[in-house]
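K.L.:
Below is one structure. I have some questions about it.
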Amino acid sequence: MSISDWTQIHTHILQLEQDGLVTRTFRRLDPERQQVILTAILEEAVARGPAAINIKEVARRAEVSVGSLYQYFENRAGLLAFAVELSKRYILDEFESFRPYLVAMPLREGLQAYLMGGVEWSQLQIWLVQFFLKAAYQGDPQLEAAIVRPVADCLRGMVAEMLAAAVERGEVRAGIDLDATVRLVHALTIAAGDSYLLPYLNAYFQVDIPDIPYERLVETLANLIVDGIGADAPEQE
């Protein structure tokens, strides 16, 4: 997150104060201090895993006292709940802003923009994205319900709208199993994107290698999908 985003984020902070997840004292901090504290929470969550945040380490990273943190959050669980909820709302806001543009594109170009734009956005929001991916691959049921599933539902919904629009434009052949196709495309794009962002996943998926530029992989994946379900593709018996 950047300071330029903070007008939008401040609205969420006000709502989270009303929900009891953060205090008025935090809300009244200047945006730079708010961002430093949030970044410290995310960094600590990435380092230890969201469920194992050490509040003393958060204070050290933010260069504030532990006592100050307790003026902003009720306890360690509240600190994590705030970071999770604010991150979720910010991510969903950002993704929803991309949706109409992607849906309006021809499917091949839209899929490439979806993946390339997602990776570029993720690189600008590195701590936020690493925090989310840590939650996604950690398997904590609370984090799954609080942030992983809502974000995944949003992404899958975007893919569904892109494919539905492609069907209406006649880009996709009649008779495909649209629901199953949406889920498989969603899974393929996650594998291609996350393996680029997380080296330990790439060791398994082996997507990001020096000899093949990522743009080439994205273009090939889009071609694979569109050539498989496109209007000119052979009918399945």
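Derivation of every value follows stated rules applied to the coordinates shown; laboratory data play no part. Everything numeric here is computed off the predicted structure, so don't read it as measured data. Positions of Cβ are backbone-derived with ideal geometry, glycine not excepted, and every protein chain shown enters the neighbour counts.
K.L.:
Enumerate the amide H contacts of Gly230 below 5 Å, restricted to partners 5 or more residues apart or on another chain; note that Pro and chain-start residues carry no placed amide H.
P.N.:
So Gly230 has HN proximity to Arg173.
K.L.:
For Lys56, what is the net charge nearby, where nearby means another residue's Cβ is under 14 Å from its Cβ and Lys, Arg count +1, Asp, Glu -1?
P.N.:
With Lys, Arg at +1 and Asp, Glu at -1, the neighbours total 0.
K.L.:
Return the Cα extents of the chain along principal axes one, two and three, sorted largest first, each rounded to a whole Å.
P.N.:
Taking max minus min along each principal axis of the Cα atoms, the chain gives 66, 36, 31 Å.
K.L.:
Can you sort Thr11, Thr189, Thr181 from fewest to most other Cβ atoms within 10 Å of each residue's own Cβ?
P.N.:
Ascending number of Cβ neighbours within 10 Å: Thr11, Thr181, Thr189.
K.L.:
Run lengths n ≥ 4 of DSSP H only: what is the helix-derived mean residue ellipticity at 222 nm for the chain, with -39500 (n - 2.57) per run over all residues, to the nearest 500?
P.N.:
That comes out to -23500 deg cm²/dmol.
K.L.:
Let me ask you something else. The stretch 102-157 to the stretch 8-60: how many Å between their Cα centroids?
P.N.:
21
K.L.:
With the contact rule set at Cα under 8 Å and sequence spacing of 6 or more, what percent relative contact order holds for the stretch 3-81?
P.N.:
The normalised contact order for the stretch 3-81 reaches 33 percent.
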